[in-house]
Amino acid sequence: MYREARKALIVGIDDYPCSPLEGCVSDAVQLSKLLKSHYDGKPNFETKMLLSSNGKIEKTLLKEEIENLFSGSPVIALLYFAGHGYLNSYGGYLVTQDFDRYDEGVSMDEIMRCANESEAQNKVIILDCCYSGRLAAPRLVNRKVSELADGVTILTSCQATETAQENNKKGIFSSLLLDAIDGQCADLTGNILPSNIYAYIDRTLGQWGGQRPIFKTNVSAFISLKEVEPLIELSVT
């Protein structure tokens with residue numbers, strides 16, 4: 001069970017029956033470590049990890065954990081997925097280890113529905129998989145998935161028709177994501193904001209040219225994902 005404050009579900013799948021990946025589990029583990037506490041040791045996110053190295057991640061399990069993540073009314077619920085993505089004429093999917101033809105995994109449209117219906121104040125979804133940009137462009141047949149509800153933020157590693165690349169056994173997007181959360185995109189007060197994470201990643205991936213991230217949000221103010229040491233002295237009144 002999560003504490004009702006800041007909770008994160010972090011998923012990394014390397015061990016697929018075919019076309020296995022290499023960096024997803026490692027990226028997920030590192031992200032969990034970064035999110036668990038702030039620079040001064042104060043607790044940050046309560047994280048739950050689903051790693052293919054610890055057991056088979058099937059569609060039913062992943063779907064159940066996503067629904068659990070977005071249940072309740074926490075300050076923030078964050079979903080991170082690193083693994084394979086799949087795209088067909090019906091939509092995009094996060095591929096699980098029990099994938100089959102016509103049943104590839106958890107539908108991105110279904111994830112959007114869960115996030116949009118969630119009572120969490122902030123819902124952040126970060127996907128590092130091929131075709132992940134499809135999450136930001138759901139089918140226009142249901143307003144529950146085609147529009148972003150208040151408090152929803154999406155960051156994906158690539159466009160809807162692009163593939164996400166690995167380099168040196170690591171996802172290029174997630175490597176930049178980890179650097180950003182570790183402080184590379186901090187503002188002067190030491191806060192790591194989703195908008196700054198996107199800007200940091202987009203600058204690098206834009207120069208590289210192999211893939212471009214997508215960022216969509218519907219918030220009145222960004223919530224900080226982590227606090228690192230401020231670049232300026234903060235006065236206390």
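Summary table below
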{"quantity": "Any chance Thr163 is in a helix (DSSP H, G or I) and on the phi < 0 side of the Ramachandran plot", "calculated": "no"}
{"quantity": "Enumeration of residues in region 35-68 that are surrounded by fewer than 16 Cβ atoms within 10 Å (Cβ to Cβ) and either part of a strand (DSSP E or B) or among the hydrophobic types (A, V, I, L, M, F, W, C) (or both)", "calculated": "Ser37, Pro43"}
{"quantity": "Filter result for the condition that a residue is under 23 Å from Glu119 (Cα atoms) and either among the basic types (Lys, Arg) or in contact (Cβ under 8 Å) with a residue 40 or more places away in the chain (or both), over Gly72, Gly12, Gly83", "calculated": "Gly72"}
{"quantity": "Some residue of region 176-195 being surrounded by 19 or more Cβ atoms within 10 Å (Cβ to Cβ), part of a loop (DSSP other than H, G, I, E, B) and of a type in the set (S, T, N, Q)", "calculated": "no"}
{"quantity": "Filter result for Glu162 (over 16 Å from the mean Cα position of the chain (by Cα), surrounded by 17 or more Cβ atoms within 10 Å (Cβ to Cβ) and touching a residue at least 60 places away in the same chain (Cβ under 8 Å))", "calculated": "no"}
{"quantity": "Qualifying positions in region 69-99 - surrounded by fewer than 17 Cβ atoms within 10 Å (Cβ to Cβ), touching a Phe, Trp or Tyr at 6+ places or on another chain (Cβ under 8 Å) and not small (Gly, Ala, Ser)", "calculated": "none"}
{"quantity": "Residue pairs meeting the criteria (Cβ under 8 Å; at least 6 apart or on separate chains; first free of Cβ contacts under 8 Å to residues at least 24 places away in the same chain, in region 27-52; second surrounded by 14 or more Cβ atoms within 10 Å (Cβ to Cβ) and assigned to a helix (DSSP H, G or I))", "calculated": "Pro43/Lys36"}
{"quantity": "Residue count for region 53-69, restricted to those that are free of Cβ contacts under 8 Å to residues at least 40 places away in the same chain and either among the aliphatic types (A, V, I, L, M) or at positive phi (or both)", "calculated": "2"}
{"quantity": "Test: residue in region 139-151 that is crowded, with 17+ Cβ neighbours inside 10 Å, at pLDDT below 95 and either in contact with an Asp or Glu (Cβ under 9 Å, 6 or more places away or on another chain) or in a loop (DSSP other than H, G, I, E, B) (or both)", "calculated": "yes"}
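The rows are residues; the columns are (1) closer than 17 Å to Leu62 by Cα; (2) small (Gly, Ala, Ser); (3) modelled with pLDDT under 95.
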residue	(1), (2), (3)
Asn88	no, no, yes
Gly91	no, yes, yes
Tyr102	no, no, yes
Ala115	yes, yes, no
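The values are calculated or read from the model by the stated rules, or taken from the named source; none is laboratory data. These figures come from a predicted structure and were not determined experimentally. With ideal geometry, Cβ positions are generated from the backbone for all residues, glycine too; neighbour counts draw on all protein chains shown.
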